[in-house]
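Student: First the structure, then my questions, so here it is.
The values are calculated or read from the model by the stated rules, or taken from the named source; none is laboratory data. Quick caveat, the model's predicted, so the values are computed rather than measured. All Cβ positions, glycine included, derive from the backbone under ideal geometry; neighbour counts span all protein chains shown. SASA here: full protein model, heavy atoms, side chains in, ligands and nucleic acids out. Shrake-Rupley method; radii C 1.70, N 1.55, O 1.52, S 1.80 Å.
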Amino acid sequence: MIESSQPATRDDVALHYDQLDRFYREVWGEHVHHGLWRTGRETSAEATRNLTDAVVAKARLAAGMTLCDVGCGYGQTARIIAQEQRVKVTGLTVSAAQHRYAVTATPAEVDATFLLQDWLHNDRAAGEFDALIAIESTEHMADKARVFSEAARVLKPGGRLVVCAWLAREPLKPWEQRHLIEPICREGRMPGMGTENEYTRWMTEAGFTAISAEDVSMQVARTWPICAWRFCVGVLRRPGYLRFLLDRKNDNRIFALTMLRLWLAYHRGAMRYLIFSAVKA
Ligand SMILES: C[S@@+](CC[C@H](N)C(=O)[O-])C[C@H]1O[C@@H](n2cnc3c(N)ncnc32)[C@H](O)[C@@H]1O
């Protein structure tokens, strides 16, 4: 695993999403995950929806099931799944801003509940869920072995796990590690970025079988030039963007630079994006 040179605690992660709340929503929308360009002709909204659909297909959901969404962001994936699949969803986030938004944006008839709770210290019951998804949240947790042992604990036997993860290529060139992956971790408040082999090992050790991974790195990479461009337009058009960038109190303003590193990291093949699926034995 490529480790950040600075620790990223749960509070650091929460502050990242709380401070950047406005920017995530204005620049990208209610999904805080990459878009997936299957044909290359999709709009960014269609591409983000494609990623949700890919996760839903791999989770093999059916009406009446229970699903845990680890790191649910603004709850958009949870709402879609609850409404369209007739599944009861429980989402967890550590960001108070995301939690507030998720609760407010979810109509009473949608069977989705949102908890402001750390996955590594969750209060979910053993065997509570038929399926569990984690879209771009495992990167933020230091103890990856515990991420997966908790997933195995709350799933029923035969329950499905789907994880979308940012990964480091193995091996990295020293400059890719120094100027791309380590700073991406540090600036993005990720304690470390794992590799495909490490994720597979953590899942296996937690008791998952039938582990498979789809590499969609090249189909998601376009997310970052689009975000960087929209952010630049925001700086030119909205005074609040420039004020935010110039204010030293906003530690997380560094993420404006991280977007460029992410763009380059995918372009170089130093960073990968995989959708894992597995079954609890
Ligand atoms: C990149 S966002 C992805 C959000 C959502 N899955 C989506 O696709 O829109 C990362 C999410 O992981 C959550 N997260 C990070 N660490 C967490 C932890 N220890 N427990 C629960 N959620 C966590 C953050 O609060 C945030 O909602």
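Student: Can you say whether Ala8 is out of contact with any Pro (no Cβ under 9 Å at 6 or more places or on another chain), within 12 Å of the ligand (Cβ to nearest atom) and not aromatic (Phe, Trp, Tyr), as far as the supplied structure shows?
Tutor: Spelling it out, it is not the case that Ala8 is out of contact with any Pro (no Cβ under 9 Å at 6 or more places or on another chain), within 12 Å of the ligand (Cβ to nearest atom) and not aromatic (Phe, Trp, Tyr).
Student: Filter the range 78-92 for residues that are out of contact with any Phe, Trp or Tyr (no Cβ under 7 Å at 6 or more places or on another chain) and outside any helix (DSSP H, G or I); which is farthest from the ligand (Cβ to nearest atom)? It would help to see each step written out before you state the result.
Tutor: Within the range 78-92, the subset out of contact with any Phe, Trp or Tyr (no Cβ under 7 Å at 6 or more places or on another chain) is 78-90.
Now restrict to residues that are outside any helix (DSSP H, G or I): 86-90.
Working: Arg86: 21, Val87: 16, Lys88: 18, Val89: 12, Thr90: 12 Å.
Taking the candidates together, the pick is Arg86.
Student: Just one of Asp130, Asp118 is open to solvent by 10 Å² or more (accessible area, probe 1.4 Å) and either within 12 Å of the ligand (Cβ to nearest atom) or closer than 17 Å to Tyr17 by Cα (or both); which is it?
Tutor: Numbers: Asp130 fails: either within 12 Å of the ligand (Cβ to nearest atom) or closer than 17 Å to Tyr17 by Cα (or both).
Just one listed residue meets the conditions, Asp118.
Student: Give the residue that is farthest from the ligand (Cβ to nearest atom), with candidates limited to residues of the range 133-146 that are surrounded by 18 or more Cβ atoms within 10 Å (Cβ to Cβ) and under 12 Å from Tyr199 (Cβ atoms).
Tutor: Among those that are surrounded by 18 or more Cβ atoms within 10 Å (Cβ to Cβ) and under 12 Å from Tyr199 (Cβ atoms), it is Lys144.
Student: When you go through (1) touching a residue at least 60 places away in the same chain (Cβ under 8 Å); (2) in a helix (DSSP H, G or I); (3) under 15 Å from the mean Cα position of the chain (by Cα) one by one for Leu15, which number turns out not to apply?
Tutor: (3)
Student: Next up: Looking at the range 171-198 only, could you name the residues that are more than 21 Å from the chain's Cα centre (by Cα) and either outside any helix (DSSP H, G or I) or free of Cβ contacts under 8 Å to residues at least 40 places away in the same chain (or both)?
Tutor: Of everything in the range 171-198, those that are more than 21 Å from the chain's Cα centre (by Cα) and either outside any helix (DSSP H, G or I) or free of Cβ contacts under 8 Å to residues at least 40 places away in the same chain (or both) turn out to be Pro171, Leu172, Lys173, Pro174, Trp175, Arg178.
Student: Cβ contacts < 6 Å: first residue more than 18 Å from Met141 (Cβ to Cβ) and surrounded by 22 or more Cβ atoms within 10 Å (Cβ to Cβ), restricted to the range 89-112; second residue modelled with pLDDT of 95 or more and of a type in the set (Val, Ile, Thr), any location; separation 6+ or different chain. Result?
Tutor: Matching pairs, first to second residue: Val89/Ile81; Ala112/Val89; Ala112/Thr106.
Student: A further question on this structure: Regarding the range 147-154, can at least one residue be identified that is within 27 Å of Glu84 (Cα to Cα) and either open to solvent by 50 Å² or more (accessible area, probe 1.4 Å) or touching a Cys at 6+ places or on another chain (Cβ under 7 Å) (or both)?
Tutor: Yes, that holds for at least one residue.
Student: Oh, and also: Looking only at residues in the range 13-41 that are within 10 Å of the ligand (Cβ to nearest atom) and charged (D, E, K, R), which one is surrounded by the fewest Cβ atoms within 10 Å (Cβ to Cβ)? It would help to see each step written out before you state the result.
Tutor: Initial filter on the range 13-41 (within 10 Å of the ligand (Cβ to nearest atom)): 13-14, 16-18, 24, 28-34.
Narrowing the set further to residues that are charged (D, E, K, R) leaves 18, 30.
Numbers: Asp18: 16, Glu30: 19.
Among them, the one singled out is Asp18.
Student: Another question, then. Looking at (1) under 18 Å from Gln117 (Cα atoms); (2) out of contact with any Lys or Arg (no Cβ under 9 Å at 6 or more places or on another chain); (3) in a loop (DSSP other than H, G, I, E, B), find the lone condition where Tyr74 falls short.
Tutor: (2)
Student: How many residues are over 14 Å from Ile135 (Cβ atoms), within 16 Å of the ligand (Cβ to nearest atom) and of a type outside the set (A, V, I, L, M) when one looks only at the range 150-177?
Tutor: So the answer is 2.
Student: Mind checking which residues of the range 248-281 are closer than 30 Å to Ala59 by Cβ and charged (D, E, K, R)? Spell out how you get there, then give the answer.
Tutor: If we filter the range 248-281 for residues that are closer than 30 Å to Ala59 by Cβ, which is where we start, we get 255, 258-259, 262-263, 265-266, 269-281.
Answer for the range 248-281, where residues must be closer than 30 Å to Ala59 by Cβ and charged (D, E, K, R): Arg272, Lys280.
Student: Here's something else I'd like to know. State whether the residues of the range 228-236 include one that is out of contact with any Cys (no Cβ under 6 Å at 6 or more places or on another chain), more than 19 Å from Arg22 (Cβ to Cβ) and open to solvent by less than 50 Å² (accessible area, probe 1.4 Å). Give the derivation first.
Tutor: Step one: of the range 228-236, the residues out of contact with any Cys (no Cβ under 6 Å at 6 or more places or on another chain) are 228-236.
Pick out the ones that are also more than 19 Å from Arg22 (Cβ to Cβ) and you get none.
No.
Student: Run Cys68 past the list (1) away from the ligand (no atom under 11 Å from the Cβ); (2) surrounded by 15 or more Cβ atoms within 10 Å (Cβ to Cβ); (3) under 30 Å from Tyr266 (Cα atoms) and report the number of the one that doesn't hold.
Tutor: Condition not satisfied by Cys68: (1).
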